[in-house]
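A short write-up of the structure that comes next.
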Amino acid sequence: MNKRKTFIIQGHQDELERIVALFESGELNNLLGIKILDVGMISAEIVKAEQAMSLASQSLIESVNTELDLYRVWLDSLWQKGLQPAVRSTQSTTGIKLIKFQDNSVELLITIGSLSPTEIQIFLQVRPPAGKGYLPVGLKASIFDEFGEIILEKSADNHSNILDITYGQRFTCELNDSFTVGLTLGNETVKEDFPG
């Protein structure tokens, strides 16, 4: 995913006006070899004021983050969504939710582990009810980001007794991150939003 960056260039008025002119003529993109979305001039006083506000905001965010334990926030969310506790330790917890289709049921297991007060690691699995038997053939599990884009996707084959969606992946969430798990069997899809 491309993220936009803001660059602040300091210099003399005439040098900065030349940069603006190059942007307006379209030459700046060619000279730099990157796409420039906008160029504007602001006074040094405005830059200093914005930097001071940014530092104050960052300090406030850091103080809030130290008081907030993301692991506990996610735990509360899981239990409110109706997941049942399965395994719990001081560093990780697994919750289970029964997902019902018209003719089948499966269990969604989500394990969260604390990496820091502001980051958790997540493991997602799907298994037959009570872990006995096999998953329905053709069951598809997908993880979508907050924009609806597929992050991970796996399908059950013949004689699958577990579908480890996040196996081999580092799947983490930070403050304000969210995702959706979609389970599809035939024409039926069940979605669960996390943290919910």
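Quick notes on this structure:
- Whichever residue in region 95-128 is assigned to a strand (DSSP E or B), within 19 Å of the chain's Cα centre (by Cα) and among the hydroxyl-bearing types (Ser, Thr, Tyr) and, among such residues, is surrounded by the fewest Cβ atoms within 10 Å (Cβ to Cβ): 116
- Restricting 80, 91 to those that are touching a residue at least 60 places away in the same chain (Cβ under 8 Å), surrounded by fewer than 12 Cβ atoms within 10 Å (Cβ to Cβ) and of a type outside the set (Asp, Glu) reduces the list to 80.
- Against the criterion of being closer than 25 Å to residue 70 by Cα and either outside the structural domain of residue 91 (by TED's automatic domain parsing) or surrounded by 16 or more Cβ atoms within 10 Å (Cβ to Cβ) (or both), residue 179 qualifies.
- Considering region 131-169, and only residues there that are of a type in the set (Ser, Thr, Tyr) and in contact with a Ser or Thr (Cβ under 8 Å, 6 or more places away or on another chain), the residue that is modelled with the lowest pLDDT turns out to be 134.
The rows are residues; the columns are (1) in the same structural domain as residue 129 (by TED's automatic domain parsing); (2) at pLDDT 60 or above; (3) more than 30 Å from residue 164 (Cβ to Cβ).
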site: 38; (1), (2), (3): no, yes, yes
site: 42; (1), (2), (3): no, yes, yes
site: 56; (1), (2), (3): no, no, yes
site: 96; (1), (2), (3): yes, yes, no
site: 107; (1), (2), (3): yes, yes, no
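- When region 73-94 is limited to residues that are of a type outside the set (A, V, I, L, M, F, W, C) and part of a helix (DSSP H, G or I), the one that is nearest to residue 124 (Cα to Cα) turns out to be 77.
- So residue 114, is it touching a Lys or Arg at 6+ places or on another chain (Cβ under 8 Å), touching a residue at least 12 places away in the same chain (Cβ under 8 Å) and among the hydroxyl-bearing types (Ser, Thr, Tyr): no
- Residue ID - farthest from the chain's Cα centre (by Cα), chosen from residues in region 144-176 that are surrounded by fewer than 17 Cβ atoms within 10 Å (Cβ to Cβ) and β-branched (Val, Ile, Thr): 162
The values are calculated or read from the model by the stated rules, or taken from the named source; none is laboratory data. On a predicted model such as this, the values are computed, not experimentally measured, just so you know. Positions of Cβ are backbone-derived with ideal geometry, glycine not excepted, and every protein chain shown enters the neighbour counts.
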